[in-house]
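K.L.:
Okay, handing you the structure first.
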Amino acid sequence: MLATPLEAPLAAQEPRAILDRAVADFERGRIDESAAGFDRLVDVSPSIAPQLWQRGIAQYYAGRYADCRAQFELHLTVNPADVENAAWHFLCVARAESAVAARAALLPVGPDGRVPMRQIYEMFRGDLTPEQVLEAAGPRASAQFYAQLYVGLYFEAFGDERRALEHITAAAADQFAIEGGYMHTVAKVHLGILTGS
């Protein structure tokens with residue numbers, strides 16, 4: 001009898017198929033399955049591990065905060081200018097320890113030219129307010145999406161559930177689907193968790 005794909009040895013599984021399944025699981029809100037899929041991908045293809053920022057996000061939602069912290073520290077080695085990497089690292093540390101500890105452990109970043117990424121970083125560092133981030137985003141839809149998402153996540157890290165829900169709801173709006181891409185999916189998954197739907 002031929003082995004089914006689920007029964008096939010790890011080495012025989014195609015990395016692309018494993019990645020696609022992990023992403024699809026995340027999109028469907030199957031968080032534990034998604035995180036396990038990303039782990040399988042690293043088992044099959046260890047060299048890809050530094051690239052897998054999606055793995056860190058899945059680990060965050062699976063409650064694996066030490067793992068997601070380590071994943072974003074690893075991702076820093078291949079993407080040192082990415083503010084989003086530093087923000088997710090902050091969120092992992094805040095969940096595992098505290099927002100104060102997360103601020104002290106904030107990863108350094110290089111120049112990230114996307115608006116309003118520099119302001120988002122300054123917010124997590126404690127040098128700007130969420131309102132200043134939203135103002136810096138201006139009218140561009142993509143900038144508004146990222147401002148809403150990260151302001152919502154920031155409020156959640158500091159325990160303000162009402163304002164977190166307000167901004168995550170805004171980020172999850174259908175109008176941002178194209179601008180947000182995978183991160184829009186993250187906003188929708190997050191909103192589902194917050195609302196229990």
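The values are calculated or read from the model by the stated rules, or taken from the named source; none is laboratory data. The structure presented is a predicted model; accordingly, all values stated were derived computationally and were not measured. For neighbour counting, all protein chains shown are included, and Cβ atoms are generated from backbone atoms with ideal geometry for every residue, glycine included.
K.L.:
So the check is Cβ under 8 Å with 6+ separation or different chains; which pairs have a first residue in region 31-43 that's at pLDDT 95 or above and a second one that's of a type in the set (S, T, N, Q) and assigned to a helix (DSSP H, G or I)?
P.N.:
Ala35/Gln59; Phe38/Gln54; Phe38/Gln59
K.L.:
Any chance region 186-196 includes a residue that's in contact with a Phe, Trp or Tyr (Cβ under 6 Å, 6 or more places away or on another chain) and assigned to a helix (DSSP H, G or I)?
P.N.:
no
K.L.:
Could you tell me which of the residues Gln132, Gln144, Gln148 is crowded, with 24+ Cβ neighbours inside 10 Å and outside the structural domain of Ala87 (by TED's automatic domain parsing)?
P.N.:
After applying the criteria, what remains is Gln148.
K.L.:
Considering only helices (runs of 4 or more DSSP H) fully contained in region 90-151, which possess at least 2 residues that are modelled with pLDDT of 95 or more, small (Gly, Ala, Ser) and touching a Phe, Trp or Tyr at 6+ places or on another chain (Cβ under 6 Å)?
P.N.:
Of the helices (runs of 4 or more DSSP H) lying wholly inside region 90-151, those with at least 2 residues that are modelled with pLDDT of 95 or more, small (Gly, Ala, Ser) and touching a Phe, Trp or Tyr at 6+ places or on another chain (Cβ under 6 Å) span 99-104.
K.L.:
A further question on this structure: Return the residues of region 160-197 that are among the small types (Gly, Ala, Ser) and at pLDDT below 95; say none if nothing qualifies.
P.N.:
Those that are among the small types (Gly, Ala, Ser) and at pLDDT below 95: Gly196, Ser197.
K.L.:
Exactly one condition in (1) farther than 30 Å from Ser47 by Cα; (2) in a loop (DSSP other than H, G, I, E, B); (3) touching a Pro at 6+ places or on another chain (Cβ under 8 Å) is not met by Phe155; state its number.
P.N.:
(2)
K.L.:
Out of all the residues in region 170-183, is one or more in contact with a Gly (Cβ under 8 Å, 6 or more places away or on another chain) and within 25 Å of Glu73 (Cα to Cα)?
P.N.:
The answer is no, given that none of the residues of region 170-183 is in contact with a Gly (Cβ under 8 Å, 6 or more places away or on another chain) and within 25 Å of Glu73 (Cα to Cα).
K.L.:
If you don't mind, there's one more thing I want to ask. List pairs: first residue in region 168-197 and not assigned by TED's automatic domain parsing to the domain that holds Leu91, second residue among the aliphatic types (A, V, I, L, M) and in a loop (DSSP other than H, G, I, E, B) anywhere in the structure, Cβ distance under 6 angstrom, at least six positions apart or on different chains.
P.N.:
That search, which allows pairs on different chains as well, returns Ala187/Ala172; Lys188/Ala172; Leu191/Ala172.
K.L.:
Right, here's the next one. Are any of the residues in region 108-118 hydrophobic (A, V, I, L, M, F, W, C) and either free of Cβ contacts under 8 Å to residues at least 24 places away in the same chain or closer than 26 Å to Gly29 by Cα (or both)?
P.N.:
No, region 108-118 contains no residue that is hydrophobic (A, V, I, L, M, F, W, C) and either free of Cβ contacts under 8 Å to residues at least 24 places away in the same chain or closer than 26 Å to Gly29 by Cα (or both).
K.L.:
For Phe72, are the conditions met, namely being within 20 Å of Ala102 (Cα to Cα), in a helix (DSSP H, G or I) and in the same structural domain as Leu107 (by TED's automatic domain parsing)?
P.N.:
yes
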